[in-house]
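This report refers to the structure that appears directly beneath it.
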Amino acid sequence: MELIKENIQKKRQVWKTDTFYRKKWLFKDLLWLQDHVENLKVITDGYILDYGSDENSMWVDLKIIEGIPASKFEHTDEFIKKIYNFCLEQIERTQPYGHGDWVLSNIIVNGDKIEMVDWDNLSKHNKSMCMDKLHKDLRSAFGEKFDEVISNR
C-alpha cells in the first residue's frame with residue numbers, strides 16, 4: 001500500500017493499492033464508523049468494500065472510482081452547468097443526507113458518468129444547508145463565473 005494523502009491535523013490518511021483505496025483514521029470512534037458505513041451503504045452502491053479497526057485506528061476500504069477529478073477540467077460554462085446539475089441531483093438523491101464537501105477534487109468525471117468520492121463529511125443536513133454549502137464550494141472552485149453561469153441556466 002502506498003500513502004497518497006495525509007492530514008495530520010485531522011488524523012487521517014489515504015492509502016492506495018492496485019484494487020482499492022483505504023481511508024484510515026488514526027483514532028477510534030467505532031460508533032461513528034458503524035453509522036458512517038451504514039449510511040454510505042444506503043446511498044452508494046458497492047463503494048465500501050470492507051471496514052474495520054485495530055488498537056489505535058479504524059479504516060474503510062473503498063472502490064476505486066475510475067475517471068478524472070473535476071478540478072482538472074477547463075472551467076467552461078458547459079462544464080460548470082454539468083457539475084452544478086450533477087450536484088443538485090446528488091443532493092436530491094441522498095436527502096436527508098448530504099455529502100458536505102463539494103470541492104472539485106471530490107467529483108470524478110469519466111466521460112458522461114460523474115461520481116462523488118471522499119464521503120467523510122456525510123451526515124444529515126437539511127436541503128437548505130446542503131445548497132448553501134454547495135454554492136460556497138462551487139463559488140470557491142469556479143470564482144465569479146459560477147454565479148454568472150447558474151443565473152443563466
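Taking helices (runs of 4 or more DSSP H) as the structural unit, those lying wholly within region 59-153 and holding at least 2 residues that are surrounded by 19 or more Cβ atoms within 10 Å (Cβ to Cβ) and β-branched (Val, Ile, Thr) correspond to 77-94.
Specify the residue that is least open to solvent (accessible area, probe 1.4 Å); the eligible residues are those in region 2-56 that are in contact (Cβ under 8 Å) with a residue 60 or more places away in the chain and among the basic types (Lys, Arg). This residue is LYS23. GLY67 meets all of the listed conditions (1) on the phi < 0 side of the Ramachandran plot; (2) under 16 Å from the mean Cα position of the chain (by Cα) but one, namely (1). Annotation: ASN39 fulfils all but one of (1) in a strand (DSSP E or B); (2) under 19 Å from the mean Cα position of the chain (by Cα); the unmet one is (1). Consider region 114-135 and keep the residues that are among the basic types (Lys, Arg) and under 15 Å from the mean Cα position of the chain (by Cα). The one that is modelled with the highest pLDDT is LYS133. Candidates are the residues of region 19-29 that are of a type outside the set (Ser, Thr, Tyr) and within 22 Å of GLN9 (Cβ to Cβ); the one that is nearest to the chain's Cα centre (by Cα) is LYS23.
The values are calculated or read from the model by the stated rules, or taken from the named source; none is laboratory data. What you are looking at is a predicted structure, and each value in this text was computed from that prediction instead of being measured. Positions of Cβ are generated from backbone atoms using ideal geometry, with glycine treated the same way; all protein chains shown enter the neighbour counts. What goes into the accessible areas is simple: the full protein's heavy atoms, side chains included, and nothing from ligands, DNA or RNA. Shrake-Rupley method; radii C 1.70, N 1.55, O 1.52, S 1.80 Å.
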